[in-house]
Amino acid sequence: MMNENNYNHPLRLLKWKGNLSKVAFQEEQIFCVLLKLDQPIYVLDDHDRLGYTVEGSLSKADNRILEEGERQLAAYLPPLTLQQLGDETFCSTYGCRYAYYGGAMANAISSEEMVIALGKAGLMGSFGAAGLSLPRIEKAIHTIKAALPNGPYLFNLINSPNEPAVEQNTVELYLKHEIRAIEASAYLGITLPLVQYRVSGLIVDEQGMPQPRNRIIAKVSRKEVAKHFLLPPATDLVQQLLAAGKITAQQAALAEAVPMADDITVEADSGGHTDNRPLVLALPAIIALRDEIQAEKKYPRMVRIGAGGGIGTPAAAYAALQLGAAYLVSGSVNQSCVESGTSDHVKKSLSQMEMTDVAMAPAADMFEMGVKVQVLKRGTMFAMRALKLYELYVRYGSLEEIPAEEREKIEKQIFKRTLEEVWEETQRFFSQRDASQIERARRDPKQKMALVFRWYLGLSSQWAVLGEKGREVDYQIWCGPSLGAFNDWVRGSYLAEPEQRHVADVALHLLSGAAYLRRLHTLADYGIPVAASWFNAYRPFSPLV
């Protein structure tokens, strides 16, 4: 009910007229009205109570005398569609309906099926190409292009400091098949293949301005890394590409006027590679850095800043948008969905986890650098065992230096075979993937130890994806605490079981819940009393897809 002192509020100059039987006064009825996001909502002052309705009409209140069927307007909520959440230019750039995409998860966990399902629902997905062979990635390209000839979709490109040839070959494959948008992840700096992808797609538009055909969405957690993507590519890298004939002189010149990325996803406390940054600190800081560089560079198209990591509930999605995120990125919550490329065992484990059931563990692809990934702790010993291997790597200079007792323990408990057998398998693997790794290991005993230990770290994620029997306690399952929060939110609903979780349906529920929360906060801004229970009232009652 509006206070008598609020009669000078502009809304008090309007009155509502309509059928009072269509006005909701009870909490359950009001909730149903608030969920009609695509319709305007009138909040009416009915003397000792407030009513909510989408029916009726407004007219000017010339005086305080109300006729039959008329009520004073207390608040007005305009229609709020899901397309209004985030930056509309994100949608126009990538050809999607909603400012939201499903982030990449390696080993095709974010599978072709996931990317296609999101794309057909007007969302966007990023295929998890990391860890896959080139033929496997090429197969995914054909499948996704056939299903989504006009998009939207992304393909992941992961930084590979220990295997630069893999990154280069992946870029060449993307250029060959004209993949026009990629998601760059785990980068610590800008690499030559990444610059090649960006600059080789530069053209001049009708206004004579540089136009990037090859778009990059970069996932970052740190300001110093974000800065690399907010600036044009380094001149020395551009000149290397020009000298090698991989770009034209015109493209080299155009490169000076464009940033490395079109969009930057601020990756907070996510699954996989993460610095566990709090989104409430990282997102505003990187937005401020973007604004600072934009003021200096005056790019024709400003780099958008989105949010990923921790987006597992409507409240988290709403909070990220209120912090200024231009778009949202989900990850962990998608891994338990039907379309996820991981095993049913993993999906079931993820659907039962709590927010605290996560741990940090050494990353397979950046093991020597001490980089860590966030994984599921519940039901698996991977994190503890991987950490043990990293401790041995730091402490000793070669496999031969490891004490016999320690060696026997890791052979029996972790590898389940001798280190010599692991080394033989490792050589066979890298002889096909990157033979230079074997040559380095033969010259450097510590590098050999790293490759042997990476055998476990690399296979543990594949065991999880394939559901390898007998290796369940060694499954490496990438996820962040957001999935635990999601499980809390959907408990008691049809989405509690992984068999009912479809990736596009989950996305639309997160967005719908965020829009619902925005309506509640708008009411509060009007001074309308909002019950605390209303903020937790949105639940996924039925599928939206």
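The values are calculated or read from the model by the stated rules, or taken from the named source; none is laboratory data. Every value quoted in this text rests on a predicted model; they were computed, and no experiment measured them. No Cβ is skipped: glycine too gets one built from the backbone with ideal geometry, and neighbour counts run over all protein chains shown.
Residues Ala464, Ala441: which one is under 24 Å from Thr356 (Cα atoms) and of a type outside the set (Asp, Glu)?
The unique qualifying residue is Ala464.
So Arg71 ticks every box in (1) outside any strand (DSSP E or B); (2) surrounded by fewer than 23 Cβ atoms within 10 Å (Cβ to Cβ) but one. Which box is left unticked?
(1)
Under 7 Å by Cβ, and 6 or more places apart or on different chains, what pairs join a residue from the range 91-103 that is within 22 Å of Glu339 (Cα to Cα) and in the same structural domain as Arg213 (by TED's automatic domain parsing) with one that is assigned to a helix (DSSP H, G or I) and aromatic (Phe, Trp, Tyr)?
Ala99/Phe90
Taking the condition part of a helix (DSSP H, G or I) and either over 25 Å from Glu183 (Cβ atoms) or not hydroxyl-bearing (Ser, Thr, Tyr) (or both), does Val373 pass? Break it down stepwise before answering.
Working: part of a helix (DSSP H, G or I): no; either over 25 Å from Glu183 (Cβ atoms) or not hydroxyl-bearing (Ser, Thr, Tyr) (or both): yes.
Criteria not met by Val373.
Output the qualifying pairs, or none if there are none: Cβ atoms under 8 angstrom, residues six or more apart or on different chains, first residue in the range 385-396 and free of Cβ contacts under 8 Å to residues at least 60 places away in the same chain, second residue part of a helix (DSSP H, G or I).
Lys388/Ile410; Lys388/Ile414; Tyr396/Met449
Here's the yes/no breakdown for (1) in the same structural domain as Gly103 (by TED's automatic domain parsing); (2) more than 21 Å from the chain's Cα centre (by Cα); (3) closer than 30 Å to Gly324 by Cα; (4) touching a residue at least 60 places away in the same chain (Cβ under 8 Å):
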residue	(1), (2), (3), (4)
Asp488	no, no, yes, yes
Ser493	no, yes, no, no
Ala496	no, yes, no, yes
Gly513	no, no, yes, yes
Ala532	no, yes, yes, no
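Do any helices (runs of 4 or more DSSP H) entirely within the range 280-365 hold 1 or more residues that are more than 28 Å from Asn107 (Cβ to Cβ), and if so, which?
Working: elements: 314-322, 332-335, 344-351.
In the range 280-365, the matching helices (runs of 4 or more DSSP H) lie at 314-322.
May I ask you to verify whether Asp488 is assigned to a helix (DSSP H, G or I), modelled with pLDDT of 95 or more, buried (at least 20 other Cβ atoms within 10 Å of the Cβ) and acidic (Asp, Glu)?
Details: assigned to a helix (DSSP H, G or I): yes; modelled with pLDDT of 95 or more: yes; buried (at least 20 other Cβ atoms within 10 Å of the Cβ): no; acidic (Asp, Glu): yes.
Answer is no for this residue.
Among the residues of the range 47-68, which ones are surrounded by 11 or more Cβ atoms within 10 Å (Cβ to Cβ), over 44 Å from the mean Cα position of the chain (by Cα) and either without any contact (Cβ under 8 Å) to a residue 40 or more places away in the chain or in a strand (DSSP E or B) (or both)?
Ser59 - this is the single residue of the range 47-68 that is surrounded by 11 or more Cβ atoms within 10 Å (Cβ to Cβ), over 44 Å from the mean Cα position of the chain (by Cα) and either without any contact (Cβ under 8 Å) to a residue 40 or more places away in the chain or in a strand (DSSP E or B) (or both).
Which condition does Gln432 not pass, out of (1) over 28 Å from Gln168 (Cβ atoms); (2) touching a Ser or Thr at 6+ places or on another chain (Cβ under 9 Å); (3) surrounded by fewer than 20 Cβ atoms within 10 Å (Cβ to Cβ); (4) not hydrophobic (A, V, I, L, M, F, W, C), if it passes all the others?
Gln432 satisfies every listed condition except (1).
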